[in-house]
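The values are calculated or read from the model by the stated rules, or taken from the named source; none is laboratory data. Remember, predicted model here, so these are calculated numbers, not experimental data. We place every Cβ from the backbone using ideal geometry, glycine too, and count neighbours over all the protein chains shown. What goes into the accessible areas is simple: the full protein's heavy atoms, side chains included, and nothing from ligands, DNA or RNA. Shrake-Rupley method; radii C 1.70, N 1.55, O 1.52, S 1.80 Å.
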Amino acid sequence: MKIDRLLAITVLLLNRGRLSAKELADRFEVSSKTIYRDMDTLCQAGIPIVAHQGITGGFEIMEHYMIDKYWLSAEEMSTLVTAVKGLSSALEDPQMGVLLEKVKALLRRVEQGLGDEYRKEPVVMDFQPWGQRQGLKSAVGLLKQAIHDKRRVQMEYIDHQGHAERRTIEPASLILKGNIWYVQAFCLERQDHRIFRLSRMQHIEILHQTSETRMIPSMERLEWDSSWSGALERETVLLFEAAARQRVADMFPPEQVTVNPDGSLRVQALYKLDEWFYGMILSFGNQVLIEQPGEAAEEVKRRARLIMQRYDNQDR
């Protein structure tokens, strides 16, 4: 709809500044002529659009122009409340409580006179997972303070081989990926930007030394880098017992799962045969069998024998 496009264009210009007619046309899959007509419509509606000529030209909204808060609908305000509630569940930060009250106050003003359907919560977000070890909230708060104060942090970090190394870092941003916290930082020992998982950081201490001003790589999305695991990716076929169906549904997408006539489940997918893979397989105990590749089945048998030997030695 045209009105939806006009609102979306307004938000884009407010957030991103100058955009060319071609960029907008490509974004909304319309012609440049349609974009020019949209700009005329926005100007007639009182939004101060400025057009710039030349190679770097385009459209932008005059500086200091703001949209009144009531421009957001009650449903959109409710979505903001949900998001802030979810983040406050993972942060031990009094400011989050203050922010939540402010957004709730705006929601109450917008929904005055509306029906009760706007007061329902169709989505609840809680980033504090069941079973997570205690202490992570305080670690998040400590690192958030270090970022705000531009201070270096010293800690012990447990690497993928289980070694604890003393590291001094300059934290730049906290990242919540799913329900797992990471911190993006410059590591002084490695002289490079790194991503550290908070659950592997111990004895975190804020130092008096000030962090240097550095160009931090953009982290709008945290994608998995295949170079983080040196293992080869292989076609893998796993056979699960019917009793494991609930956990299989938790871990594997439906398109990878085939339910056999006897209720057992066959999972076929590409996996890197690394520590995560073998840990996942062993967590299913005797409810899973690796059909292929053969070397992965042999590696699981080797690890199972080592587990048995450990318990045998304990009994002696």
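Go through segment 265-292 and give me each residue that's more than 32 Å from the chain's Cα centre (by Cα) and open to solvent by less than 90 Å² (accessible area, probe 1.4 Å). Hit for segment 265-292 is Gln292, nothing else. Which ones in segment 235-251 are loosely packed, with under 11 Cβ neighbours inside 10 Å and not in a helix (DSSP H, G or I)? If the condition is that a residue be loosely packed, with under 11 Cβ neighbours inside 10 Å and not in a helix (DSSP H, G or I), then Glu235 is the only one that fits.
For segment 1-22, a residue qualifies if it is open to solvent by 90 Å² or more (accessible area, probe 1.4 Å) and under 27 Å from the mean Cα position of the chain (by Cα), and the qualifying residues are Asn15, Arg16.
In this structure, Leu198 qualifies as modelled with pLDDT under 90 and either hydroxyl-bearing (Ser, Thr, Tyr) or buried (at least 18 other Cβ atoms within 10 Å of the Cβ) (or both). Taking the criterion of being open to solvent by 30 Å² or more (accessible area, probe 1.4 Å) and under 34 Å from the mean Cα position of the chain (by Cα), the residues of segment 24-49 that qualify are Asp26, Arg27, Phe28, Glu29, Val30. Do we have Ala25 as closer than 20 Å to Ile55 by Cα, touching a residue at least 24 places away in the same chain (Cβ under 8 Å) and hydrophobic (A, V, I, L, M, F, W, C) here? Judged against the criteria, Ala25 is not a match.
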